[in-house]
Each structure stands twice: as C-alpha cells, then as structure tokens.
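Please read the structure below before turning to the comments.
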Amino acid sequence: MIINKLTWMIGGVAGAGIIAAGTAFAKACSRGGLWVFVENEYPSLIKGGHNTSMVRVEEEEIFSHIRSVDLLVALNKETILLHQDELSPNGGILYDGEEIKIEKEEIKRKDISLISIPAAKLLEESGLGKLMLNSLMVGASLGIVDYDFEILIDVLKDSFQKKGDKVIEENVKVAKLGFDYAKNYKDKFAHTLRRRDEKERMLITGNDAICLGALKAGCKFIAAYPMTPASSILHYMASKEREYNLVVKHTEDEISAINMIIGASYAGVRAMGATSGGGFSLMVEGLGLAAMSETPMVMVEAQRPGPSTGLPTRTAQGDLKFVLSASQGDFLRIVIAPGDIEECFYETFNAFNLAEKFQVPVLIISDKFLSESPKTVYKFDEKDLKIDRGKFLSEEELERIEDYKRYLDTEDGVSSRAIPSQKNGIHLATSYEHSQDGSSLEDENTVRSMVDKRFKKEKYIQKEIKNYFKFFGPQEADLTLVSWGSTKGPILEAMKLLEREKKNVNFLQIIYLSPFPSTEVKNILEKAKKTMVVENNKTAQLAQMTKEKTGKDIDYKCLKYDGRPFYPSEIYDKVMEVLR
Amino acid sequence: MIEAKDLITERKPTWCPGCGNFGILTALRAGIALAGLDPKDTVIVSGIGCSGKIPHYVKTYGFEGIHGRILPVVTGIKLANNRLTVIGSGGDGDGYGIGMGHFMHAMRRNLDITYIVHDNQIYGLTKGQYSPTSDQGFKTKSSPLGSIEPPVNPITLAIIGGATFVSRGFVGRLEHLKSVIAHAIEHKGFSLVDILQPCVTFNYKNTYQWYSQRVYMLEEDGYKPNDKMKALEKGEEWGDKIPLGVFYEVQKPTYEDNLPQIKDVPLVFQKIEDVDIRKAMEEFV
C-alpha cells in the first residue's frame, strides 16, 4: 500500500468541468493536511477539445507536477487513449465502462487496472442529470483512495456557495454516490490518502498570489484588458473592488490600460496592470512614457508561447529579452521573475515599493505555468511588510520648498514627488526630454545631464534589492543549474531525484533580471565545474543574458518550447546525460 | 478667485506666429478662471503635436503624454482622484486619428472630464499631412492628389457616442470660445469642445478668413441643445455654414457616480498602510 503519494489526473472535453473537478480534488487533499500541486492543460476554446487537470499529492511539500499518473479519471475515451502511457506501474483508470466502450486491444498497458463505475446510471437513478459527472468522479476518486469524505463536503460547500444550497446539496449527493460506490474497489488500487494534522494552508495560483501582494502593497487601481494567462488577475481584483475599495478598469485595449495606470500613478495612487506578451507589445510605448515621466508603475507580464497569437493557453518563457528591452531609448527598469507562489506574493509587494522609491517602471514576469497552477503554501507572513512610498512630499514639506522642481537632479537621481491637489507642487510631467522643472529643452548639456540623472538611480536600486537570486544545493557541485521563473519548481523536484542518485548538483535561480546581479552571477559561474541553463524557450535567453552581463558561456542548455512546462524527469535525464 | 493672468507660466510658447493655439491658450486660461477652478486641483493632459505644448503654458498641474493617449491618462487621473478637474487638450490627429478608439470609449463612460480638441484639419508638427478632419480632396504631403476618404465628423460622433456635452468653438470668436470652455468644464460628465483653429503654416485652405465667412452661433438661432435628433441634424451642417456653440447637453450619471468605493474618499486619499489581507487568504484555504 502506498500512503499519501498520488498523482491524479482527470481528462475530458472542455466544458465538462475538468478544471473545477481538479480544483475540488486538490482542495480536498490540501485541506486534509496534504501537499498539493495542480497543473491544468486546456486548449484555446470554450467547448470541446481536450482538457486535463493533474493533481499531485504528497506528504511533504512539492514544487511541480510529474509525468507519471497513478489514477486517471477519464470522462471520455480520448482521455484513456491519450494518457494511458503516462500511467505509473499498477496505476488505475477510473471510467464509466457502460458509456465508454473500449476494446481490449486499445489498452496497450497490461500493468494497469481498469476500474469502471456506472457513473451515468448512478446519475440517472439519482434524477440529477448528467451535468455533475465531474463531481461524481471526484467523489469516486476519493472513495478509491479511502479518503475522508467530510472534507469534500466542505470544499463543495465553499465552491458552490454562490450558486445556492440546492446546487451544493446536489453536488454533495452526487459525489457521495461516487464515493460510496468506488469505496468497494479500494483494494483494487494501491494508493491511499489519509488526512494529516497540519496548520492551515492555502491552495493558490501565482496570479492570485500576485493579487494578494498587490492588495497588501496598497494597490488601488488596476487597469487591464483580458488576455490569457493574465486575466485571472483582472478577475480577482475586480471581485475585490468593494471589499478593498479598489477601482478596477477593464479597458478598451492594453494601450489604454497602461496609460490609465500611468495617469492614476501620476495622481498618487499605486496602480498595476496585467497582460501577456501580445498585450505587452501594445503597451510598449506607454512603458517608455512611464520611464521618461518618472511615473511609478507595476506591470505583470504572464508569458505564453509566441510570437503573435501563439498558443494562448500554454506556457513559455520566450519574452525575457523582450521585457528587458521593450521600448525605444535607454532607460532603467526593474524586471522581477518570481519562481514560485511565495515569490509571486512577496516580490509583488516589493515591486510597488521599488516603483515608488525609484520612480521607475517595474515589470513582473511570470508565465502560464506559474500564473495558473495552484499549489499548497503556508499563509503569507505579512508581519514585516512595510510600505515605502519613497520621496513623496507632504503638504508641509512642499510649503517649505521655495521653487518646487519635479525633476530636480539629486544625489541618487530620484526627485521628490508632488501630486495634483497639493498647493505648492504644481508641475508638468512630460514624455519629452525635459529640464528639472519639466520644460522641454533640447540643448546638449541638459539632455545629457537629465539622462544621467535618471541612470544615477541604478546604483541605489542595486543596493536596495535584497533577493537578487537564490542558491540551492551544495556550494560545490559537479553541475550548476541556472534558471529563472517557473522552471524553479521542476528543477527543485529534479534535484530531489538526483540526490537519490547521489548526483552533486546545485541551482542558481535568478529573480531580478534587471538590474542584473552581474558580479554575483559571474562569481558563481566561475566557480562552477559545469553549468546548464533550464529554460522554457528556444534560444536560451537567460544564457544569452548571462553571457552579455558576465562574459561567461553556459556549457549546456536544457530547453523546452512545446508550450508545456518541464517535467522534473526531463531535467533529470538531461543532467544524467551531462554528468555521465 | 483666480484670474486668467494668474495662470500664465514663465515658458514662452513655441508655436508659429499667428497660430490658432494662441487663441485656444487664452480661451483655456479664461475658461478655467471663469469656471472658478483652483489650479492645484486642476490637471491639463495633452498628447503630442503642436497642441501638446499647451500644459507648458498654463499654471495648473500638467501631464504631457504620448500621441493619441490623452483620454486614458485623463481617465486614470480622474479615477485616482475624482475631486480633481481633469481637462484633456489635444489635436485632431491625436484624438480623432490615433486616439479614436479611446475617444469613443471615454464618451460612453461619461466620466466628469473635459476634452478640448484643437481641430486644424491638418498635422502641423509633422509638417503638413492631411488629418482625419481634413475635407475630402484636400491636397497635402501625404495626399498629393487629394485625400480620398471623407472626414470624420466629431460632433455627430460625440452625440452618438454618448458624450453628454458636445460643442464647437472657433479661435476667431474668442469671447464665445471662453464661455464654451467654461461651460464644458462646469458640465458634469464627458464634455467635448471641438475648436476650429487655423494652421497658418500648413493649412492654406481652412484659414481665419475661410472659417470667419462660414461660422454662426447656434444660440443666436434660438437653438436649444436638448434634442438629440436636432443636434445630429445641426452636427451634419458643414460647408457654407458652420455652426458654433453647444449642440447637445444632457445630464446623466457619471462613471464615478457608480463607484461607491470613491464616493466619500478618493482613492488617492485612502489609507494604504496595513491593509488586512487575512480574510482574502482565508478564502484560499
């Protein structure tokens, strides 16, 4: 018997409630004290097409999904045909054999068990219709692994709260039917899940963690245009408009969104937007406006594969160089790449402080895998989070300034900020190159000094940043992995596997891509015996970046650009090959 | 009470001698004074083009953004602090060309903002190309054989688009223009002031004289701006006779009126320290 170690996957057509089922299963496990990681795959359409939700459950914290599935719940035949190869030895397929006709020769695997339950018949007998097949199968899944049904009741109550008691009751009833029926088969399946005592934890996606970070940072204004995989930021913030007194504007386009954000920030409000690469392309001119007018701004760029429409619902890390260099002209920007849920929260909070303190645009670069994959995490620690608005002048301070200049050249290049409604702070902010008082001027000396003024901030930004990078594993290793963003999870999982094989590997995760921690990265690369980047793109953009900034080549590249996140085993295989 | 002369800055306008923008500048300062605004609570937002320079010359808060994006910036400022008076001021290329999408959406939202368009029927700062309001057949550097498409009609577009105050002024009728701007600022909702303005350097057709011979005042005709269909009819008038004044005015709830979260305290004055996210976290358990 295998206790508290299970990878569960449900598959079916889009519209069948696959992701909702995955979330319910995951939440039931997470609430029962287990650690969960969820990975959803769905094509860019609303009905039809193949959707899956994979939920990995363990007793210890886990950081990504894995390739092998222990229990596959098939709501249609396609799911069986497509995913049987992914089943682990002794894995099981849970399906309705009366509805899904499958020939013996179609099952290529001989080491798995087919567990059929008459789901359609059970639904029909209950008189509740076919719609809740997903809930029935979630119940059945928990029955097979002999889990505590009470937890699922709570989960269903919460998730259908808005739809009313009747919907809750029906879903619970259906899930119980599945649970009771499937319980009879628990001996046919090797895996068991048992609830554990753990303190309260969340099951949350990267996007939602970014939202909580923004709320905590006092973000009051959000302007965005829907674009997968960033849309859930717009949705979450819109749902919190009244509770947190926010204004959330779904704009006519991304150009409008970034310009509204800049307007709101100019007027003194912490403001944020969220988009993906295509939308960010439209925002690029606005990004330059924020830089030239020295208006603080936070923008989330949740990547998906490109160019152009690309693969709207899949994942990639192909926008790094774009985000680092978007817009004409030379200017400072801060680019943060959180690699996990906690970093999404804390670095978003930091982003707002950095944006206001240095009056520069801050870009948070995520991707579909990080933005949309729920994971179990402890609640965030808010204790030490302090808002720092930088050189924001009070009315009293402004009174004491004789001739206020918005773009005053200072030691650190950061000028004091006044906002409309302040009596002594009247000024012009502008997209033109300008003198210290905001007037357009074109003489060489002023131009040079103002460009230099804005770049003076760099040194101070570098001093301010605390979490430039993280380092995992032993100081000395046979191979140093280098990466950024969401690949962190699969890398950490691969390292667990490598440790078992006594392979000596460490990992440099770069969180701040701009300003780039050149000296530190150079030191690490110089000490490393062998180096390898792991990136979800074709051209190893981080490797290009480290070469540019440190002069060091990265020895090996582990790249994936099929729209899917890395499985830990893929990284493991590549490392084994390199270290052979 | 502020007077127009108090709004003069030390910066010297860089427009061509005789440019219609001088008249708009004078009228804007006067309109702000007439409307009794406090400069510290007033923001003028411009884009790019000759018109874009205007906030340099008015002693209020100013934001000179990028081409075509005036209204999004205006909207952001207004939503951040709904106690401010926010005035967008830009050209016909900026508002009716590159910024047309924002124009249509800003109107239907009906925020309490004022949008002044310096409509000279030409691109000036890029040295003379035809604009969205150029008359059909107008020959310019980008239309050497005459423009093929008919012009945009900002007045009828605004009436249909949901603007709650739609007006036209002419820099050659300065006193009238001042009062139209003041009226537009005082109107609660989206106000458009389309201002006919000669470009003495690049537009040889639509001159002071050309406009002067054609314009007349709507109100002198006994026109009342409260009927949408009549407003559209008047808005269609262009050619030998060009009406000036308020075409359409209606009272409707503004966008801000529907945001209880900023009814008592504008976003900018809300406390952001120690936001309690415990409940929000609890929902993810």
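The values are calculated or read from the model by the stated rules, or taken from the named source; none is laboratory data. Note that the coordinates shown come from a computational prediction; the quantities given were computed from them, not determined experimentally. Here the Cβ is made from the backbone with ideal geometry for all residues, glycine too, and neighbour counts use every protein chain on show.
Summary of values
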{"quantity": "Matching residues, the range A:228-247, being part of a loop (DSSP other than H, G, I, E, B), in contact (Cβ under 8 Å) with a residue 60 or more places away in the chain and surrounded by fewer than 23 Cβ atoms within 10 Å (Cβ to Cβ)", "calculated": "A:Thr228"}
{"quantity": "Inter-residue pairs, beta-carbon under 7 Å, first under 20 Å from A:Ile19 (Cβ atoms) and in the range A:117-136, second in a helix (DSSP H, G or I) and of a type in the set (Asp, Glu), 6+ apart", "calculated": "A:Met132/A:Glu170"}
{"quantity": "Residue ID - nearest to the other protein chains (Cβ to nearest Cβ), chosen from residues in the range A:219-266 that are within 19 Å of A:Pro420 (Cβ to Cβ) and among the hydroxyl-bearing types (Ser, Thr, Tyr)", "calculated": "A:Tyr266"}
{"quantity": "Any hit, the range A:154-165, residues being more than 25 Å from the chain's Cα centre (by Cα), within 12 Å of chain B (Cβ to nearest Cβ), assigned to a helix (DSSP H, G or I) and touching a residue at least 24 places away in the same chain (Cβ under 8 Å)", "calculated": "yes"}
{"quantity": "Any hit, the range A:105-112, residues being assigned by TED's automatic domain parsing to the domain that holds A:Ala21 and part of a helix (DSSP H, G or I)", "calculated": "yes"}
{"quantity": "Tally of residues being among the charged types (D, E, K, R) and closer than 30 Å to B:Ile195 by Cα across the range B:234-285", "calculated": "9"}
{"quantity": "Given (1) away from chain B (no Cβ under 14 Å); (2) buried (at least 23 other Cβ atoms within 10 Å of the Cβ); (3) among the hydrophobic types (A, V, I, L, M, F, W, C), number of the condition A:Ala190 does not satisfy", "calculated": "(2)"}
{"quantity": "Qualifying residue in the range A:5-20 (condition: within 14 Å of chain B (Cβ to nearest Cβ), of a type outside the set (D, E, K, R) and either buried (at least 21 other Cβ atoms within 10 Å of the Cβ) or assigned to a strand (DSSP E or B) (or both))", "calculated": "no"}
{"quantity": "Residue match in the range A:410-420 (condition: under 20 Å from A:Glu356 (Cβ atoms), within 14 Å of another protein chain (Cβ to nearest Cβ), outside any loop (DSSP other than H, G, I, E, B) and of a type outside the set (S, T, N, Q))", "calculated": "yes"}
{"quantity": "Count of the range B:16-49 residues which are in a loop (DSSP other than H, G, I, E, B) and within 13 Å of chain A (Cβ to nearest Cβ)", "calculated": "5"}
{"quantity": "Search result, residues across the range A:375-389 that are at pLDDT 95 or above and surrounded by fewer than 16 Cβ atoms within 10 Å (Cβ to Cβ)", "calculated": "A:Tyr378, A:Asp381, A:Lys386, A:Asp388"}
{"quantity": "Failed item in (1) of a type in the set (S, T, N, Q); (2) away from chain A (no Cβ under 14 Å); (3) surrounded by 13 or more Cβ atoms within 10 Å (Cβ to Cβ); (4) within 20 Å of the chain's Cα centre (by Cα), with B:Thr254 passing the rest", "calculated": "(2)"}
{"quantity": "Matching entry among A:Thr430, A:Thr487 (being crowded, with 21+ Cβ neighbours inside 10 Å and more than 14 Å from chain B (Cβ to nearest Cβ))", "calculated": "A:Thr487"}
{"quantity": "Flag if A:Glu169 is buried (at least 17 other Cβ atoms within 10 Å of the Cβ), over 23 Å from the mean Cα position of the chain (by Cα) and of a type in the set (Asp, Glu)", "calculated": "no"}
{"quantity": "Residues (buried (at least 20 other Cβ atoms within 10 Å of the Cβ), within 14 Å of chain A (Cβ to nearest Cβ) and either of a type in the set (Val, Ile, Thr) or touching a Cys at 6+ places or on another chain (Cβ under 9 Å) (or both)) located in the range B:99-127", "calculated": "B:Ile113"}
{"quantity": "Qualifying residue in the range B:188-198 (condition: in a strand (DSSP E or B), more than 14 Å from the chain's Cα centre (by Cα) and either closer than 27 Å to B:Cys16 by Cβ or not acidic (Asp, Glu) (or both))", "calculated": "no"}
{"quantity": "Among the residues listed as A:Met137, A:Met132, the single one being assigned to a helix (DSSP H, G or I), over 23 Å from A:Asp187 (Cα atoms) and among the aliphatic types (A, V, I, L, M)", "calculated": "A:Met132"}
{"quantity": "Within the range B:60-98, tally of residues that are more than 8 Å from chain A (Cβ to nearest Cβ), closer than 8 Å to B:Gly47 by Cβ and charged (D, E, K, R)", "calculated": "1"}
{"quantity": "Selection status of A:Ala274, among the aliphatic types (A, V, I, L, M), facing chain B (nearest Cβ under 10 Å) and closer than 23 Å to B:Leu267 by Cα", "calculated": "no"}
{"quantity": "Whichever residue in the range A:193-218 is of a type in the set (A, V, I, L, M) and part of a helix (DSSP H, G or I) and, among such residues, is farthest from the other protein chains (Cβ to nearest Cβ)", "calculated": "A:Ile210"}
{"quantity": "Matching residues, the range A:53-70, being of a type outside the set (Asp, Glu) and in contact with a Ser or Thr (Cβ under 7 Å, 6 or more places away or on another chain)", "calculated": "A:Met54, A:Arg56, A:Ile66, A:Arg67, A:Ser68, A:Val69"}
{"quantity": "Scope the range A:260-305; condition part of a helix (DSSP H, G or I) and polar (S, T, N, Q); matching residues", "calculated": "A:Ser265, A:Ser281"}
{"quantity": "Filter result for B:Lys230 (in a helix (DSSP H, G or I) and touching a Gly at 6+ places or on another chain (Cβ under 6 Å))", "calculated": "no"}
{"quantity": "Residue match in the range A:248-259 (condition: closer than 30 Å to A:His427 by Cβ, in the same structural domain as A:Met299 (by TED's automatic domain parsing) and assigned to a strand (DSSP E or B))", "calculated": "yes"}
{"quantity": "Residue within the range B:135-153 that is within 18 Å of the chain's Cα centre (by Cα), hydroxyl-bearing (Ser, Thr, Tyr) and more than 14 Å from chain A (Cβ to nearest Cβ) present", "calculated": "no"}
{"quantity": "Residue in the range A:373-390 that is farther than 30 Å from B:Lys279 by Cβ, in a loop (DSSP other than H, G, I, E, B), touching a helix residue (DSSP H, G or I) at 6+ places or on another chain (Cβ under 9 Å) and touching a residue at least 12 places away in the same chain (Cβ under 8 Å) present", "calculated": "no"}
{"quantity": "Number of positions in the range B:260-271 that are within 7 Å of chain A (Cβ to nearest Cβ) and buried (at least 19 other Cβ atoms within 10 Å of the Cβ)", "calculated": "3"}
